[in-house]
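Notes follow the structure.
Please treat every number below as a calculation from the coordinates, not as lab data. These numbers were taken from a predicted model, which means no experiment stands behind them. Because the Cβ atoms are built from the backbone with ideal geometry, glycine has one as well, and the counts that use them run over all protein chains shown.
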Amino acid sequence: MKVLFIGGTGIISSACSRLAVARGIDLYLLNRGQSIRPVPEGAKVIHGDIRQPAEVQAALAGHSFDAVVNFIVYNPEQLANDIRLFSGRTGQYIFISSTSVYHKPASNLPITESSLIANQVWEYSQLKIACEELINRAYREQDFPATIVRPAHTYDETKSPIRGDYTVIDRMRKGQPVIVPGDGTSVWVMTHNSDFAKGLVGLLGNEHAIGEAFHITSDQILTWNQIYTTLARAAGVEHPNLVHVASDLMVAYQPEWHGTLLADKSHSLFFDNSKIKRFVPDFQATVPFSEGARRMLAWFDADPARRVVNQELNQIFDRILSANQGAYPQ
């Protein structure tokens with residue numbers, strides 16, 4: 001197959017690129033060449049900015065593809081440009097949406113692809129929902145060969161999946177208090193990017209996936225307490241100083257966390273992956289979070305330059321912790 005990835009070097013797309021090349025796919029990457037992640041050997045790079053349609057039109061002149069995946073579409077205007085650009089030029093177009101489009105709190109768990117889609121709070125999710133509506137309309141009215149894929153909380157070695165990245169790991173190692181939103185008992189799913197890639201690459205060129213939507217996640221369910229404790233142990237800290245703070249209080253001090261926290265991560269969530277397993281029979285998430293955390297800390301510890309501590313964020317954490325302490329009778 002001849003496949004185009006738009007992006008191809010991000011957290012999710014880099015693993016998909018590596019696997020696609022390993023499976024013999026003739027892979028082209030359209031990107032600006034600004035990622036810290038290397039392009040896999042064997043992939044062909046087309047330098048261009050997908051936000052510049054005329055530039056991309058010229059860069060792709062003479063090309064057609066069996067499948068196109070755009071990992072960096074965030075609003076309907078961007079998607080509409082892709083529909084115009086790739087109509088008649090690809091046998092399949094995969095739109096990368098997000099599991100944040102599902103309504104929270106879920107009325108039933110686990111989440112399936114037919115679960116209610118709605119988000120009244122987070123603009124990111126609202127725009128992804130609008131994109132899904134647009135691409136479904138293009139499929140119905142124009143026979144545009146669309147497939148929707150919804151990643152959940154997907155991570156790799158280069159970025160901690162908890163708020164604060166390495167700053168929180170540093171606090172753990174120094175014995176400083178670390179905020180866990182809520183009481184830490186709600187459940188969540190962490191998916192390693194190499195596992196996500198198995199599902200995505202398995203859908204490429206799959207004509208039965210046209211007109212369908214899939215989420216691709218791990219089946220491992222963890223509480224937030226377990227997530228933080230697992231990271232701490234990977235960092236060599238057996239008993240981290242975890243402090244539970246109400247999500248509302250956190251958002252009061254950092255309003256920009258409102259969407260991602262109150263409209264998403266403060267709710268328990270896990271997924272039924274039986275649909276992706278039907279369409280991609282060899283899909284199986286095999287990297288438990290304990291192993292992913294071990295790889296992550298090995299990556300951070302391999303180079304001091306990677307262990308970046310955000311002092312401004314540290315001050316925000318300390319202000320929230322102080323307010324949380326004052327919220328309860330002594």
Check your understanding: Based solely on its DSSP helices, what 222 nm [θ] is calculated for the chain when runs of n ≥ 4 H residues each add -39,500 (n - 2.57) and the sum is averaged over all residues, nearest 500 deg cm²/dmol?
Key -> -11000 deg cm²/dmol
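In the stretch 20-59, which trypsin sites (Lys or Arg not before Pro) fall in coil by DSSP and have 14 or fewer other Cβ atoms within 10 Å?
Numbers: sites: Arg23, Arg32, Lys44, Arg51; in loops: Arg23, Arg32, Arg51.
Within the stretch 20-59, the qualifying trypsin sites (Lys or Arg not before Pro) (loop, at most 14 other Cβ atoms within 10 Å) are Arg23, Arg32, Arg51.
Once the mean 1/r over all distinct Cα pairs of the stretch 225-276 is inverted, what Kirkwood radius in angstroms do you read off? Kindly include the intermediate steps, with their values, before the conclusion.
On the way: mean 1/r = 0.0744 Å⁻¹.
Over the stretch 225-276, the inverse of the mean reciprocal pair distance is 13.4 Å.
Charges at C-beta only: +1 for Lys and Arg, -1 for Asp and Glu. How large is the resulting dipole of the chain about its Cα centre, in Debye rounded to 20?
On the way: 30 positive and 33 negative charges, 85 e Å.
Once rounded to the nearest 20, the dipole reads 400 debye.
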Point to revise | Rg followed by Dmax, in Å, when the stretch 181-241 is reduced to its Cα trace | key: 16.5, 51
Check your understanding: Say a paramagnetic label sat at a point 7 Å from the Cα of Gln78, along Cα to Cβ; which residues of the stretch 42-67 have their backbone N under 14 Å from it?
Key -> 49-53
Practice item. Provide the three semi-axes, in whole Å and in decreasing order, of the ellipsoid equivalent to the stretch 75-144 as defined by the square roots of 5 times the Cα gyration tensor eigenvalues. Key: 26, 13, 9
Study note, to complete from the structure: Sorted largest first, the C-alpha extents of the chain along its principal axes in whole angstrom are 70, 44, 38
Revision key, fill the gap. At R0 = 35 Å the Cβ-Cβ FRET efficiency linking Arg32 and Asn225, nearest 0.05, sits at 0.30
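By counting other Cβ atoms within 10 Å of each Cβ, how are Val308, Val201, Val251 ranked from fewest to most?
Details: Val308 11, Val201 25, Val251 19.
Ascending number of Cβ neighbours within 10 Å: Val308, Val251, Val201.
Which number do you get for Rg(Cα) / (2.2 N^0.38 Å) in the stretch 53-202? Please list the in-between numbers first.
Numbers: Rg = 18.7 Å, N = 150, 2.2 N^0.38 = 14.8 Å.
Compared with the compact-globule rule of thumb, the stretch 53-202 sits at 1.27.
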Point to revise | Per-q log10 I(q)/I(0), the stretch 242-330, q = 0.14, 0.16 Å⁻¹ (Debye; single scatterer per alpha-carbon; no solvent) | key: -0.86, -0.98
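Over 24 Å between Cα atoms, which of Lys159/Lys275; Lys44/Lys159; Lys104/Lys128; Lys2/Lys159; Lys104/Lys198 qualify?
On the way: Lys159/Lys275 29 Å; Lys44/Lys159 26 Å; Lys104/Lys128 15 Å; Lys2/Lys159 30 Å; Lys104/Lys198 27 Å.
With Cα atoms farther than 24 Å apart: Lys159/Lys275; Lys44/Lys159; Lys2/Lys159; Lys104/Lys198.
Suppose R0 equals 25 Å; then what is the FRET efficiency for Ala305 and Lys174 from their Cβ-Cβ distance, rounded to the nearest 0.05? Please report the intermediate quantities before stating the final value.
On the way: r = 19 Å, r/R0 = 0.77.
It comes out at approximately 0.85.
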Review point. Which distance in Å, rounded to a whole number, links the C-alpha centroids of the stretch 201-240 and the stretch 6-67?
Key: 24
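Given an 8 Å cut-off on Cα distances and at least 6 residues of separation, report the relative contact order of the stretch 12-137 as a percent. Provide the component values of the computation, followed by the final result.
Details: 135 pairs, mean separation 23.6, N = 126.
Dividing the mean separation by the residue count of the stretch 12-137 yields 19 percent.
Hey, got the dipole for the stretch 11-149? About the Cα centre, +1 on K and R Cβ, -1 on D and E Cβ, debye to the nearest 20? Don't skip to the end; give the middle numbers.
Values: 12 positive and 13 negative charges, 55 e Å.
About 260 debye.
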Point to revise | Inter-label distance, nm, simple model (7 Å from Cα along the C-beta direction), Glu55/Gln254 | key: 3.2
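I need the GluC sites (Glu not before Pro) found in the stretch 1-92, filtered to DSSP loop residues with at most 12 other beta carbons within 10 Å of theirs.
Details: sites: Glu41, Glu55, Glu77; in loops: Glu41.
Answer by residue number: Glu41.
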Point to revise | Karplus (6.51, -1.76, 1.60) ³J(HN,Hα), θ = phi - 60°, over the stretch 11-17, in Hz, Gly and Pro reported as x | key: 4, 6, 6, 5, 5, 5, 4
Review point. In the stretch 1-84, if every C-alpha pair distance is counted and binned at 10 Å from zero, what percent goes to each bin?
Key: 18, 55, 27, 1
Point to revise | Where a label projected 7 Å from the Cα of Glu312 along Cα→Cβ would reach, residues of the stretch 244-279 with amide N under 15 Å | key: 254-257
